[in-house]
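Okay, structure first, notes after.
The values are calculated or read from the model by the stated rules, or taken from the named source; none is laboratory data. Keep in mind that what you see is a predicted model, and the values were worked out from it rather than measured. Positions of Cβ are generated from backbone atoms using ideal geometry, with glycine treated the same way; all protein chains shown enter the neighbour counts. Just so you know, the surface numbers come from the protein's heavy atoms only, side chains and all, with ligands and any DNA or RNA stripped out. Shrake-Rupley method; radii C 1.70, N 1.55, O 1.52, S 1.80 Å.
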Amino acid sequence: ECRCALPSPHPSKPRPNRPMTTIRLIGAPTDIGASVRGAGLGPDALRVAGLPDALQMRGLQVTDQGNLPGPPNPWQPPHAGYRHLPEVVAWNQSIYRAVEAALAHQQLPVLLGGDHCLAIGSISAVARHCRATGRPLRVLWFDAHADANTAHITPSGNVHGMPAACLLGHGPEALTRLGGAVALQPHQLHQIGVRSVDAEERAFVATLGYEVFDMRYIDEFGMRATMERALAGLPPDAHLHVSFDMDCMDPEIAPGVGTAVRGGPTYREIQLCMEMIADTGLLGSVDLVELNPALDVRNQTATLAVDLVESLFGKSTLVRNPAASPAMSA
């Protein structure tokens, strides 16, 4: 159950947008943590759908690092509550180093997944960077699932169902302290669009104490109020990380995912989320994960992903004054 109150609709003074740095695309072609094969094809599907060109057409500098190397998926049953743990660790270490390098060069890393277990490496690197630079970190996690299982409660052993728990310090040390310390505190994590939570995971999410804006909350209060709450109180030097699982959206518009769940946000609701994030001027890093081209229809989910990323980086129908945006609410 969400512990959220409806925020004030009155906007505060706008925050000045920081100049955009170079975007670095980092491909991670693996489904090592997933329950269904195919997410490893996601990075190239996003490129085929025109992601680099779309960002360049927005006037952004884009460096495509290509695809990181990593171990193949052995497709084995769980061992001690985890499937493929050594391979998951290896992939996340590689991603950690790539994201860390991008941030060190003042580039904005966009991780192209791959499944959602890869966010452990990405967000761990972002968290360490924020600790080193003294910047407050907030993570907006768009997902149909809570991703807060552990080895003791998981029904499958798939690590793509565990990254939120690992980032909050619950899991194997090789993942929970990838950046030398636990990556996130509960107040830094906000999940949006959740509608599928395992039975024991539900109780664990309640004990973890982070905010979950599930679909009932969105149905009752609307996406605008949800995003106002999720973005409320961001200081002007904050680093905003978006971890976007493509199964967050309703499968009627995004069929190319491995764990589809009916009843997700609509196209316009998700576009509003991206636009309100862009209005803050605080976006610092992105995960785009769980695109499964093997289950897609003519790459339509990848094309949708490109459309959303364009909005995340400022595409809009008209020139707007950020001061009038609900994303500027205190």
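Counting pairs of Cα atoms in the range 98-255, how many percent are more than 21 Å apart?
Working: 5520 of 12403 pairs.
Result: 45 percent of Cα pairs exceed 21 Å.
Can you tell me the Rg and the Dmax, both Å, for the Cα atoms in the chain?
18.0, 54
For a quick check of understanding: with a 1.4 angstrom probe and all protein chains in place, what accessible area in square angstrom does Asp64 have, to the nearest ten?
The value for Asp64 is about 70 Å².
Using the basic label-point model (7 angstrom from Cα toward the beta carbon), what is the Val297 to Gln185 distance in nanometres?
Result for the modelled spin labels: 4.6 nm.
Can you give me the solvent accessible area of Arg195 with a 1.4 Å probe, rounded to the nearest 10 Å²?
Accessible area, nearest 10 Å²: 50 Å².
Have a look at the DSSP beta bridges in the chain and tell me what percent are antiparallel, nearest 5. Intermediate values should be presented prior to the final figure.
On the way: 2 of 36 bridges.
Antiparallel bridges: around 5 percent, rounded to the nearest 5.
Compute the distance from the alpha-carbon center of the range 247-301 to that of the range 35-92, in whole Å.
16 Å
Calculate, for Thr63 and Thr133, the FRET efficiency according to 1/(1 + (r/R0)^6) with r their C-beta to C-beta distance and R0 25 Å; round to the nearest 0.05. If you can, show how the numbers build up before the last one.
Numbers: r = 21 Å, r/R0 = 0.84.
The calculated FRET efficiency here is 0.75.
What number comes out for the charge environment of Leu25, summing +1 per Lys or Arg and -1 per Asp or Glu over other residues with Cβ under 9 Å away?
Numbers: positive: Arg24, Arg47; negative: Asp64.
Value of the local net charge: +1.
From the helices alone, meaning DSSP H stretches of at least four residues, give me the mean residue ellipticity at 222 nm for the chain, per-run term -39500 (n - 2.57), in deg cm²/dmol to the nearest 500.
Helices in the chain give a 222 nm mean residue ellipticity of -10000 deg cm²/dmol.
Just reorder Phe204, Phe221 by solvent-accessible area, largest first, 1.4 Å probe, all chains present.
So, going from the largest accessible area down, we get Phe221, Phe204.
Sorted by accessible area with a 1.4 angstrom probe, largest first, how do Tyr217, Tyr82 fall? Let's see the in-between values first.
Values: Tyr217 10, Tyr82 30 Å².
Highest to lowest solvent-accessible surface, that is Tyr82, Tyr217.
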